[in-house]
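The values are calculated or read from the model by the stated rules, or taken from the named source; none is laboratory data. Values in this document were obtained by computation on a predicted structure and should not be read as measured data. We place every Cβ from the backbone using ideal geometry, glycine too, and count neighbours over all the protein chains shown. SASA here: full protein model, heavy atoms, side chains in, ligands and nucleic acids out. Shrake-Rupley method; radii C 1.70, N 1.55, O 1.52, S 1.80 Å.
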Number of protein chains: 2
Amino acid sequence: MKLVVAAIISFLSLTSFAQQTSKNLVPFVKPIIGTQRMGHVYPGATAPFGMVQLSPDTDTIPYAVKGKYNPDVYKYCAGYQYDDKSIVGFSHTHFSGTGHSDLGDFLIMPTTGTLQLNPGTADNTKKGFRSAFSHDNETAQAGYYKVKLDDYNITAELTASTRVGMHQYTFPKTDKAHLILDLMAGIYNYDEKNVWTYVRVVNDTLITGYKQTNGWARTRTVYFAMSFSKPFKNYGQKSFDDKQVYRGFWRKFNQEDNFPEIAGKKIRMFFDFKTEENEKIKIKFALSPVSQKNAIQNLVTEIPHWDFEKVKKQTQEAWNKELNKIQIEAAPDDKINFYTAMYHAFITPTVYQDSNGDYKGLDQDIHRANGFTNYTTFSLWDTYRTLHPLFNLVQTQRNADMVQSMVEHYNESSLHMLPIWSHYANDNWCMSGYHSVSVIADAIIKGTYKGDALKALEACVTTARKRNYEGIGEYIDKGFIPAENSGISVSNTLEYAYDDWAIAQLAKKLNQQAIYTEFLQRSENWKNNYNKASGFMEPKLANGEFKPNFDAYSTHGQGFIEGNSWNYSFFVPHNPTALVEIMGGKKQFAKKLDTLFNMHLSDAFFAETEDITRDGIIGGYVHGNEPAHHVAYLYNWADQPWKTQEKVRQILKMQYKPTPDGLGGNDDCGQMSAWYLFSAMGFYPVAPASEEYAIGSPLVNSAIINLENGKTFTIETQNQSDKNVYVKRIVLNNKPLKRYFITHDEIMNGGKIVFVMSDKK
Amino acid sequence: MKLVVAAIISFLSLTSFAQQTSKNLVPFVKPIIGTQRMGHVYPGATAPFGMVQLSPDTDTIPYAVKGKYNPDVYKYCAGYQYDDKSIVGFSHTHFSGTGHSDLGDFLIMPTTGTLQLNPGTADNTKKGFRSAFSHDNETAQAGYYKVKLDDYNITAELTASTRVGMHQYTFPKTDKAHLILDLMAGIYNYDEKNVWTYVRVVNDTLITGYKQTNGWARTRTVYFAMSFSKPFKNYGQKSFDDKQVYRGFWRKFNQEDNFPEIAGKKIRMFFDFKTEENEKIKIKFALSPVSQKNAIQNLVTEIPHWDFEKVKKQTQEAWNKELNKIQIEAAPDDKINFYTAMYHAFITPTVYQDSNGDYKGLDQDIHRANGFTNYTTFSLWDTYRTLHPLFNLVQTQRNADMVQSMVEHYNESSLHMLPIWSHYANDNWCMSGYHSVSVIADAIIKGTYKGDALKALEACVTTARKRNYEGIGEYIDKGFIPAENSGISVSNTLEYAYDDWAIAQLAKKLNQQAIYTEFLQRSENWKNNYNKASGFMEPKLANGEFKPNFDAYSTHGQGFIEGNSWNYSFFVPHNPTALVEIMGGKKQFAKKLDTLFNMHLSDAFFAETEDITRDGIIGGYVHGNEPAHHVAYLYNWADQPWKTQEKVRQILKMQYKPTPDGLGGNDDCGQMSAWYLFSAMGFYPVAPASEEYAIGSPLVNSAIINLENGKTFTIETQNQSDKNVYVKRIVLNNKPLKRYFITHDEIMNGGKIVFVMSDKK
């Protein structure tokens, strides 16, 4: 215990010293955290919010075989699983932390010896181009990844700028060095996923092309330009498409041998070299959502040279700049957790436009982003809760651009809807709610978004009135969604009610009284699914009766998505006071929360429940999924803030560890990480679009938030330790704080908050 | 006979009167000619060289079923066969006269009653959306088509501007009027042909989208914008793709019912209306090779109103302008044949760029045409012979742009080749030779092309030196292509030799002596396949010996494509003098020609020979295919010009008739028609890139060529009649012409040539 205190003192003094200067925080980022099991993050190289996510893929299990879903694929959302023993190659696009997948485009693998164009199997890497590897020979840093490929004695190094991935392969001496470009590889792959591929060999160091897929993004095309540091001797391709009927006069050429115009559905290419011992062959691989031309322009704009170290240095400097937005001191493991969480929080959404501003819109036409940067990959059911609120503190410019990207999505939508879960010029409508409205309202209310607020409100209102989407019509008419018509009727009603409250807040801000009144009223709809008899949110039938055979534990057939009623029943983030009241008052409410956190769930529960493991759970509280992310903070409304404090600290310690299996659930594009960052600093946005943050219990010793407005907001703790989880006293700008929340303005105005900690409740 | 003479006199006087004024020549165009059996032209509406070819399709026979070729499809190259009794719908792209096919995009069909989304069968039209029709209720004009759809009592009318097709459907009174948009229809269709389709319902009168196919053009995308004159009440779609595995959260919507974001491989859409008796619903359907945005721009630029008659009038005026480039007088049927031939000659190549100049290049990137109009659909093995030479007389600006389009194709080609047979940003390398070089050389030598001639020569030379294409390497090394390595070794050698001569002529014009020498030498290679022992062009083995079991009649395995040795042995258009000599002198040569024209071929021959019928043949001379198109003129080189005269007139009468079955062979993108036009005027370009035209026997009474340089060249005949096929005397600009050729300059300088005809040899 003494040691810990000593360490804290030491850290605190360092903090004082370095407060205004940029620190090297990259060493505290461990991208390998969360790569084992459920985290679904990838260990490879990316720039902050980069279009390119260049990372090793450790298997190529298909999503479905002959129409049948393959349950093994879920774990490969990010392409990499820590327990695997081989690497198939390095692909350029990856989701970070999702529970569903797509991407994995343009897989590159260096090999030697006899050319093999199939990937082989995990059991026998020798049967294909994949290679065994060991974590002993693996380095994963922010913006840099390195691994030795044991089968070929090749060292692979990866780095990336925003739109260009850079590879550096150190070969042994051989006459038979190959670079394989697998254009049919993909994460969540299946027979009909690859729609079309086109490649043009421009010369012996440059190829361009595109790949079109029908996956989670239904109509998706990614263009590329691939540049080699050394001319290839020879190249070729093989088509693995056995369905093509008509081949025409293309047969006039041997298309497998140095033929520069390549097209088809399933293609793998190879490029042959002769190498000296330790010769490095480098690749620059640029992406574009728009055209080959733009990919080339991205390539020459971002990396006009062949200096791998320089790209790595620039990208790590870019990361450092981002990481320095919050300078903390904390125990070593906590500091690693904190900066790794920051790293994961600053990956998604990703830039989705070329260096010239061109991007492909939802309408599949090419647009130019005027005055903003266009972003994609909005996992909004996850990220509206905590990630976008985090951006309103430390990524205000980007968040404003993200809001603009959503408004443009709306403008381009022939459905006239804001994004639900969108990526690469498509929406896949995954999950519940229309949470763009929360992100937009929060960004306008907090002063982040400077664009046309009325237009943004119109987009929110139009989306929320989309009667034929997911029961919205019935929700409007009846105040709830009949269970007969929707498997997730309760989730939808609860999420909509919160979203409607966010719209109401925005309308209020913009003095749109009629909209305010309409949506404030809608925001009360959560009450319609609350069964006073049981004390739970329950599915209701069209006739107004609650559905029989209700089970508050089950996640199947009870009207919820990624959650059970035990977790979802607390989902009234916009009005906990009313929830406390309806649930029988503060005492009763706190007791119910206690039950949630302390219950013991059976093994049968886990066997039946998708997407939840014991790793991601405390009692019956599921941290691995999002619906309950605000729940630990609700004790504040029951006048038992010490329980919020102890639960938050418990979650911070149990759910986040500096190890490969350190994430108990999918990071969900940074949402889990954002929860960590806020909670570790001692406060949390329970209801985005509110300007209030609920007070929890800071984990850090200190934190300086370097705001984009030039001010700093400092968090200091006194008597901090793993046992001193209780907040005895709070001093804001030298005045005692007598409430359990702070406001956005209080942070943005700069200043200092001091938490005096204790081991007593 | 008297009647004919009287008619001639009457026409002659008219000619004199109207010489300088524009005539209404549209009534002489009968697009129905050639729609029965082999002509493979379509009867629908198109503007001159228009991007849109809007025409009825009378069947939907697939190219292949389960990987097996369906031999019935050959006749549907243009989508329409005169003998068919039903129309499936009206699609927007068609080849004109080809012997292979593709296209047939965006088929629209108006129906009434119960909605049917399958096309039904020819046997029972009631089983699908197709309709019976009768030629009695059909009108086909240049730029206009009309038909009554008997099953629905709907009158369909079509017209088109360059990039926009306009439909006008007159409905009966019904609550159940439908417009079907079949996005999976196509000519030469098969399972994997539709790669992807995307549609966006912008509002209740506008939809946009694109269709991507893998057909004769391997990687082809066509974008569209479709505008309705009346809002549809209701719309929907049905996917016929049974292979799609992953459908994701798109299932949240009923995509078949008013869902505005549509994508997939096999889609048919419908739009519902309520109509009054005789209510007209109109559609404007714009194409673009580049984007939906550009399609909309094309639509509003070209047809900013809903006046169908105005579009029809403008397009027919555009046709009239083109037709007036040659004003002839002739017997009624001949005049119809002539102007129908002119119409067919001015359809292909087609404009392939948007109204703003954007087009998709062979490299699949978007380019902007600077200072020229980009064209596509180059059926060069056919059209280099006569069609492009025709353009050098009466379409000089367009032909210059076509040459520029070819040069840009070369610039965009990663193979570094000029087009062989190209369409829609793809080459399919159909047929033999590299005849772009002939078109380019002819256009530069004749002063048509004003661009960078040296760059154009470089493109020719680079293409002709492409050693790994179609035996060119062996051709260069050995002077012939070994029969072991190519099924069309003799055709290739003969066509290459001519092409090389054309390159030599261009090099000479540009003072490139080394290239001239190299290619003049290569142009002698035809001699290497000539077997003096047999007197035929014969395939040669690698060891230099002629291949045994030679058959001069057969088209199979003898080294020829679309021809036998009897026809191809005369293929030395650039040096008939040497051919006459090698074949034993003028007398012997003429005798051999006589044999060709007078032989009787057995029924067994026709049964075995693809692409040739008795319709397309005179003796053993095959006019329906191209290799012998110059052969009738070769008698001039044997000092028997009267035989040229009588054969030419015989071909003009026998091979071209003003009836649906009036074309004896595929029109081949206007090549057959161009042969008619030249020959009917009395002269013919035996060797493009030569400035000389061989004299034949004019069929017309008179012709005025209105040259683009403002001058006119007049052809007059005296004593013209069907029997007076022999040219007794020729007077050029009042001086007797003592030779059997005229030169390009003599025409371009303007003036008058008078042919005095006789019935005596």
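May I ask you to say which residue of B:T348, B:T340 is within 29 Å of B:G750 (Cα to Cα), part of a loop (DSSP other than H, G, I, E, B) and in contact (Cβ under 8 Å) with a residue 12 or more places away in the chain?
Every option except B:T348 fails the conditions.
Give the residues of the range B:363-417 that are under 21 Å from B:I326 (Cα atoms) and without any contact (Cβ under 8 Å) to a residue 24 or more places away in the chain, sorted by residue number. If the condition is that a residue be under 21 Å from B:I326 (Cα atoms) and without any contact (Cβ under 8 Å) to a residue 24 or more places away in the chain, then no residue fits.
Sort through A:A345, A:A263, A:A286 and tell me the only one that's within 14 Å of chain B (Cβ to nearest Cβ) and not aromatic (F, W, Y). Break it down into steps so the answer makes sense when it comes.
Values: A:A345 fails: within 14 Å of chain B (Cβ to nearest Cβ); A:A286 fails: within 14 Å of chain B (Cβ to nearest Cβ).
Answer to the check: A:A263.
Based on this model, can you work out whether B:P698 counts as under 24 Å from B:K752 (Cα atoms), buried (at least 24 other Cβ atoms within 10 Å of the Cβ) and under 21 Å from the mean Cα position of the chain (by Cα)? No; evaluated as a whole, the condition is false for this residue.
Can you tell me how many residues in the range A:176-209 are closer than 21 Å to A:I61 by Cα and more than 28 Å from the chain's Cα centre (by Cα)? Outline the logic, then answer.
Here is the first cut: in the range A:176-209, the ones closer than 21 Å to A:I61 by Cα are A:180-197.
Then keep just the ones that are more than 28 Å from the chain's Cα centre (by Cα); that gives A:180.
Residues flagged as closer than 21 Å to A:I61 by Cα and more than 28 Å from the chain's Cα centre (by Cα) within the range A:176-209 amount to 1.
Candidates B:Y410, B:Y375, B:Y434, B:Y384: the one that is buried (at least 24 other Cβ atoms within 10 Å of the Cβ) and either within 14 Å of chain A (Cβ to nearest Cβ) or β-branched (V, I, T) (or both) is B:Y434.
Of the helices (runs of 4 or more DSSP H) entirely within the range B:427-494, those holding at least 3 residues that are hydrophobic (A, V, I, L, M, F, W, C) occupy B:436-445, B:453-464.
Every condition in (1) more than 26 Å from B:Q212 (Cα to Cα); (2) hydrophobic (A, V, I, L, M, F, W, C); (3) within 14 Å of chain B (Cβ to nearest Cβ) is met by A:I180 except one, and the failing one is (3).
Of all residues in the range B:598-622, those satisfying the criterion of being within 26 Å of the chain's Cα centre (by Cα) and either crowded, with 16+ Cβ neighbours inside 10 Å or at positive phi (or both) are B:T609, B:D611, B:I612, B:D615, B:G616, B:I617, B:I618, B:G619, B:G620, B:Y621, B:V622.
The residue that is surrounded by the most Cβ atoms within 10 Å (Cβ to Cβ), among those in the range A:198-223 that are polar (S, T, N, Q) and more than 9 Å from every other protein chain (Cβ to nearest Cβ), is A:T213.
Going by the conditions given, is B:K238 closer than 27 Å to A:I262 by Cα and either of a type in the set (S, T, Y) or more than 10 Å from chain A (Cβ to nearest Cβ) (or both)? No, not satisfied.
Given the condition farther than 19 Å from A:R220 by Cα, without any contact (Cβ under 8 Å) to a residue 60 or more places away in the chain and open to solvent by 10 Å² or more (accessible area, probe 1.4 Å), answer yes or no: does some residue in the range A:438-446 qualify? No, there is no match, as no residue in the range A:438-446 is farther than 19 Å from A:R220 by Cα, without any contact (Cβ under 8 Å) to a residue 60 or more places away in the chain and open to solvent by 10 Å² or more (accessible area, probe 1.4 Å).
Scanning the range B:146-194 for residues that are among the hydroxyl-bearing types (S, T, Y) and at pLDDT below 95 gives B:Y188, B:Y190. Answer yes or no: is there a residue in the range B:118-127 that is touching an Asp or Glu at 6+ places or on another chain (Cβ under 9 Å), aliphatic (A, V, I, L, M) and within 19 Å of B:V164 (Cβ to Cβ). Looking through the range B:118-127, none of the residues is touching an Asp or Glu at 6+ places or on another chain (Cβ under 9 Å), aliphatic (A, V, I, L, M) and within 19 Å of B:V164 (Cβ to Cβ).
Being free of Cβ contacts under 8 Å to residues at least 60 places away in the same chain, open to solvent by less than 60 Å² (accessible area, probe 1.4 Å) and assigned to a loop (DSSP other than H, G, I, E, B) is the filter here; which residues of the range B:552-572 pass it? I'd like the intermediate steps shown before the answer.
Restricting attention to the range B:552-572, the residues satisfying the condition of being free of Cβ contacts under 8 Å to residues at least 60 places away in the same chain are B:552, B:554-556, B:564, B:566, B:569.
Next, only the ones that are open to solvent by less than 60 Å² (accessible area, probe 1.4 Å) stay: B:552, B:554-555, B:564, B:566, B:569.
Scanning the range B:552-572 gives B:A552, B:S554, B:T555, B:N564, B:S569.
Return the residues of the range A:305-335 that are among the acidic types (D, E) and under 20 Å from the mean Cα position of the chain (by Cα); say none if nothing qualifies. Break it down into steps so the answer makes sense when it comes.
If we filter the range A:305-335 for residues that are among the acidic types (D, E), which is where we start, we get A:307, A:309, A:317, A:322, A:329, A:333-334.
Selection gives A:E322 alone.
Determine whether A:A464 is touching a residue at least 24 places away in the same chain (Cβ under 8 Å) and of a type in the set (A, V, I, L, M, F, W, C). Before you say what the answer is, go through the steps one by one.
On the way: touching a residue at least 24 places away in the same chain (Cβ under 8 Å): yes; of a type in the set (A, V, I, L, M, F, W, C): yes.
It is true that A:A464 is touching a residue at least 24 places away in the same chain (Cβ under 8 Å) and of a type in the set (A, V, I, L, M, F, W, C).
Checking the structure you have, find out if any residue of the range A:492-508 is in contact (Cβ under 8 Å) with a residue 60 or more places away in the chain, over 18 Å from A:A689 (Cα atoms) and of a type outside the set (V, I, T). Yes: the range A:492-508 contains one or more residues that are in contact (Cβ under 8 Å) with a residue 60 or more places away in the chain, over 18 Å from A:A689 (Cα atoms) and of a type outside the set (V, I, T). Of everything in the range A:266-283 that's under 16 Å from A:K238 (Cα atoms) and open to solvent by 10 Å² or more (accessible area, probe 1.4 Å), which residue is nearest to the other protein chains (Cβ to nearest Cβ)? Checking each candidate, the answer is A:K266. Quick one: how many residues across the range A:232-248 are touching a strand residue (DSSP E or B) at 6+ places or on another chain (Cβ under 8 Å) and open to solvent by less than 70 Å² (accessible area, probe 1.4 Å)? Total meeting the criteria: 11. Among the residues of the range A:84-107, not a single one is of a type in the set (V, I, T), in contact (Cβ under 8 Å) with a residue 60 or more places away in the chain, surrounded by fewer than 24 Cβ atoms within 10 Å (Cβ to Cβ) and within 14 Å of chain B (Cβ to nearest Cβ). Based on this model, can you work out whether B:F536 counts as in contact with a helix residue (DSSP H, G or I) (Cβ under 6 Å, 6 or more places away or on another chain), in contact (Cβ under 8 Å) with a residue 40 or more places away in the chain and of a type outside the set (S, T, Y)? The answer is no for B:F536.
Got at least one residue in the range B:533-546 being at pLDDT below 95, open to solvent by 50 Å² or more (accessible area, probe 1.4 Å) and among the charged types (D, E, K, R)?
So far as the range B:533-546 goes, no, none of its residues is at pLDDT below 95, open to solvent by 50 Å² or more (accessible area, probe 1.4 Å) and among the charged types (D, E, K, R).
Selection within the range B:464-504: residues that are within 17 Å of B:H416 (Cα to Cα) and within 14 Å of chain A (Cβ to nearest Cβ). The member of this set that is surrounded by the fewest Cβ atoms within 10 Å (Cβ to Cβ) is B:R467. For the range A:623-643, the candidate set comprises residues that are touching a Ser or Thr at 6+ places or on another chain (Cβ under 8 Å) and either at pLDDT 95 or above or assigned to a helix (DSSP H, G or I) (or both); within that set, the residue that is most open to solvent (accessible area, probe 1.4 Å) is A:W637.
When the range B:292-330 is limited to residues that are farther than 21 Å from B:I281 by Cα and touching a Gly at 6+ places or on another chain (Cβ under 6 Å), the one that is least open to solvent (accessible area, probe 1.4 Å) turns out to be B:W319. There is no residue in the range A:362-384 that is more than 20 Å from A:L299 (Cβ to Cβ) and among the basic types (K, R). For the residues A:L390, A:L418, the requirement of being in a loop (DSSP other than H, G, I, E, B) and either closer than 23 Å to A:T162 by Cα or more than 12 Å from chain B (Cβ to nearest Cβ) (or both) singles out A:L418. Comparison of B:T162, B:T170, B:T208 shows that the only residue that is assigned to a strand (DSSP E or B), touching a residue at least 60 places away in the same chain (Cβ under 8 Å) and under 25 Å from B:Q364 (Cβ atoms) is B:T208.
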